[in-house]
Amino acid sequence: MKIVTWNINGIRTFKGGIKKALDLLDADIICFQETKVTRDLLDERTAVVDGYNSYFSFSRGRSGYSGVATFCKDRVAPFAAEEGLTGLLTSHDGSVGCYGDQSQFSMEELQMLDNEGRAVITQHKVMCQNQEKTLTVLNVYCPRADPEKPDRKLFKLQFYRMLQNRAEALLTGGSHVIVLGDVNTSHRPIDHCDPDDLESFEDNPGRKWLNNFLFGKAEGEGLEKEEGDRDVGPESQEPGGCGGGKFVDTFRHFHPTRPNAFTCWSTLTGARQTNYGTRIDYIFADRPLAEEHFLSADIMPDVEGSDHCPVQGRLCCSPLQSPRCPPLCTRFMPEFAGRQQKLSRFLVQVGPQEQDALPGSQELGEIRENLRPPADAGSAARIGNVAGRKRGPTKETPAPRGKRIKTHNPPKPQGNLLAFFKPAASQGSRSCFVKGQDGSEDTGTQHSEGRARVQGGLSPPPDITVRGSVEGEGGAMEREGGAVEGEGGAMEGEGGAVEGEGGAVEGKGGVEPCPRGACPLGFWKAVLHGPPQPPLCKVHQEPCVLRTVRKAGPNMGRRFFVCCRPQGHASNPQARCNFFTWVDKGR
């Protein structure tokens, strides 16, 4: 029997469909984490897959966040399945049971632990050495401890304790137990590409929990073993190891000294190209199961599609198919089973959405690249203008009975900015005039000193430098120093303005005829200049890449240049150098 776990970073990202991905993994039990789908967004093609039965857990507080799913081939269908670790979400006959002692948790804490959709438990019947055994699979997506949020650190440790409590209770109940998924903690320095401080590495609370949860040797023991040898000798049974837990890290069980075996890389820095990552995805099994029935365990770094790679394990046990899937199976959901649903199913009260950035799956907290940038000042101005034009309440006069009144308000046509810079059709409409410095007026329009106007929507003369914003109807693209408005507006620059239809170019005295034809190239460069020219990094002499600070703080929104190469170890010449420079705010 083959089992696979994979943090997929969004189940709807499979372009070829979920069935194609399942068939390529070619496993009997496939566990996904970070599905980022809620029940209302789950479609039938994903929920009901031919040849598989699936079990989902959804986040109940935030959309597009967290979530796990377990897909089992029909021949490995479980006889029981349950959502969550606490048992509070189980209201059907197909529960797994064995909840252990939960007295250390309050009822509010228990509800919060299962509120984010981080665990699915399936229970199977298997034949191991001609004996029928029960195998329980806990598919978990452990929380990430945000350094800036102490409550999330506490939540992560509570989740760990509840996971251990439930796994050991199932073990005491007579079942073999496999705990797999994204644990969000690298256990040993060998599991980390660049540990910060080896002396304090073990002080991390998550690593302390892993030391207690797992059975294993002290760091450095058994390093003389060849790759692939198992730690199953008599010396491994002694209680003097680094961990006295009841579970085994199956990958290190088969590969105790393999370096650079990572399962997660930062997509923001391209660290997968240089294998600059961490191993935070595991398959844990109880010691008798790992030592007697596991044939192999390995990572699958060649499988792409996420910032994580899958981890697989093979057992010598044969699955026994359940005659009927448990009620948690997605094919029994009313929306997929063809049963009539209650109206209340579609009228669920939803609380306000949190505005905080979603916690990432990286242990070091790298900022994700796909967060939407904040709206610029021009966008904010447009939103404010639209909001400010809302009509107040008006009293409506009821129409006479039996008589219909048909009203039609044609929409105002959208203006085109380029239309205000085309040459005029007649020479008369191209006349130019300037208000001089003596304060004389022209066409009844009061102009300030140092301004000139060009009629007919012509391009400004070459000596007019315009740096401002381009504004159409209802909004603006801001630049430095002014605005280019649409109909009846103006393009303001240093010492003057270029107005639209019926407007003119103003300068410092004297009449100057407007050029015929297209606008000067320098004018458009000043108005619509592109991104700043990238400098060359000092080490590789290659053009740098432009980045923007997304993290809240004094530098929020600032842009900077860094080396274009992927992140990697300092000793790797192919990795990114330490070049860094801010972009001037005026550029």
For this session: Within the stretch 551-575, work out how many residues are open to solvent by less than 70 Å² (accessible area, probe 1.4 Å) and not aliphatic (A, V, I, L, M).
Result: 13
Seminar exercise, completed: In the stretch 1-32, anything of a type in the set (A, V, I, L, M) and either modelled with pLDDT under 95 or part of a loop (DSSP other than H, G, I, E, B) (or both) is listed as MET1, ILE8, ILE11, ILE18, ALA21, LEU24, ALA27
Problem set entry | Residue that is nearest to GLY181 (Cα to Cα) [pool: residues in the stretch 73-117 that are in contact with a Ser or Thr (Cβ under 6 Å, 6 or more places away or on another chain) and assigned to a loop (DSSP other than H, G, I, E, B)] | GLY117
Problem set entry | Total residues in the stretch 559-583, condition over 10 Å from CYS544 (Cα atoms), part of a loop (DSSP other than H, G, I, E, B) and not polar (S, T, N, Q) | 9
Problem set entry | Inter-residue pairs, beta-carbon under 6 Å, first more than 26 Å from LYS36 (Cα to Cα) and in the stretch 111-139, second surrounded by fewer than 17 Cβ atoms within 10 Å (Cβ to Cβ), 6+ apart | LYS125/LEU320; MET127/SER318
For this session: Please indicate, with yes or no, whether at least one residue in the stretch 87-95 is under 22 Å from ALA69 (Cβ atoms), β-branched (Val, Ile, Thr) and modelled with pLDDT under 95.
Result: yes
Seminar exercise, completed: Restricted to the stretch 142-174 and to residues being open to solvent by 10 Å² or more (accessible area, probe 1.4 Å), in contact (Cβ under 8 Å) with a residue 40 or more places away in the chain and outside any helix (DSSP H, G or I), the residue nearest to VAL68 (Cα to Cα) is ARG144
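Residues checked against (1) open to solvent by less than 10 Å² (accessible area, probe 1.4 Å); (2) within 15 Å of HIS124 (Cα to Cα); (3) free of Cβ contacts under 8 Å to residues at least 24 places away in the same chain:
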position: PHE14; (1), (2), (3): no, no, no
position: ASP26; (1), (2), (3): no, no, no
position: THR35; (1), (2), (3): yes, no, no
position: ALA69; (1), (2), (3): yes, no, no
position: ALA77; (1), (2), (3): yes, yes, no
For this session: Inspect the stretch 275-294 for any residue being modelled with pLDDT of 95 or more, more than 26 Å from the chain's Cα centre (by Cα), crowded, with 22+ Cβ neighbours inside 10 Å and small (Gly, Ala, Ser) and give the result as yes or no.
Result: yes
For this session: Those residues that are open to solvent by 10 Å² or more (accessible area, probe 1.4 Å) and assigned to a loop (DSSP other than H, G, I, E, B), I need them from the stretch 246-265; list them, please.
Result: LYS246, HIS255, PRO256, THR257, ARG258, PRO259, ASN260
Problem set entry | Test for LYS538: is it part of a loop (DSSP other than H, G, I, E, B), free of Cβ contacts under 8 Å to residues at least 60 places away in the same chain, of a type in the set (Lys, Arg) and surrounded by fewer than 17 Cβ atoms within 10 Å (Cβ to Cβ) | yes
Exercise. What do you reckon, is LYS125 within 19 Å of ARG279 (Cα to Cα), of a type in the set (Lys, Arg) and at pLDDT 95 or above?
Worked result: no
For this session: Return yes when LEU328 is assigned to a loop (DSSP other than H, G, I, E, B), at pLDDT 90 or above, of a type in the set (A, V, I, L, M) and open to solvent by less than 40 Å² (accessible area, probe 1.4 Å) and no when it is not.
Result: yes
Seminar exercise, completed: Scanning the stretch 295-311 for residues that are touching a residue at least 40 places away in the same chain (Cβ under 8 Å) and part of a strand (DSSP E or B), the one farthest from HIS255 (Cα to Cα) turns out to be HIS308
For this session: Could you list, in sequence order, all residues of the stretch 33-55 that are in a helix (DSSP H, G or I) and farther than 20 Å from GLU82 by Cα?
Result: LEU41, GLU44, ARG45
For this session: Can you work out which of the residues in the stretch 189-199 that are open to solvent by less than 50 Å² (accessible area, probe 1.4 Å) and of a type outside the set (A, V, I, L, M) is farthest from PRO259 (Cα to Cα)?
Result: PRO195
Exercise. What number goes with the only condition from (1) under 19 Å from GLY173 (Cβ atoms); (2) open to solvent by 50 Å² or more (accessible area, probe 1.4 Å); (3) free of Cβ contacts under 8 Å to residues at least 60 places away in the same chain; (4) in contact with a helix residue (DSSP H, G or I) (Cβ under 8 Å, 6 or more places away or on another chain) that SER103 does not pass?
Worked result: (4)
Exercise. Taking into account only those residues within the stretch 40-58 that are surrounded by fewer than 19 Cβ atoms within 10 Å (Cβ to Cβ) and touching a residue at least 60 places away in the same chain (Cβ under 8 Å), which is farthest from VAL96 (Cα to Cα)?
Worked result: GLU44
Exercise. Does VAL311 fit the bill of being β-branched (Val, Ile, Thr) and closer than 20 Å to TYR55 by Cβ?
Worked result: yes
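The values are calculated or read from the model by the stated rules, or taken from the named source; none is laboratory data. Just so it is clear, the structure is predicted and the values come from calculations on it, not from any experiment. A quick note on method: Cβ atoms are made from the backbone with ideal geometry, for glycine too, and the neighbour counts reach across all protein chains shown. With ligands, DNA and RNA removed, areas are computed over all heavy atoms of the protein, side chains included. Shrake-Rupley method; radii C 1.70, N 1.55, O 1.52, S 1.80 Å.
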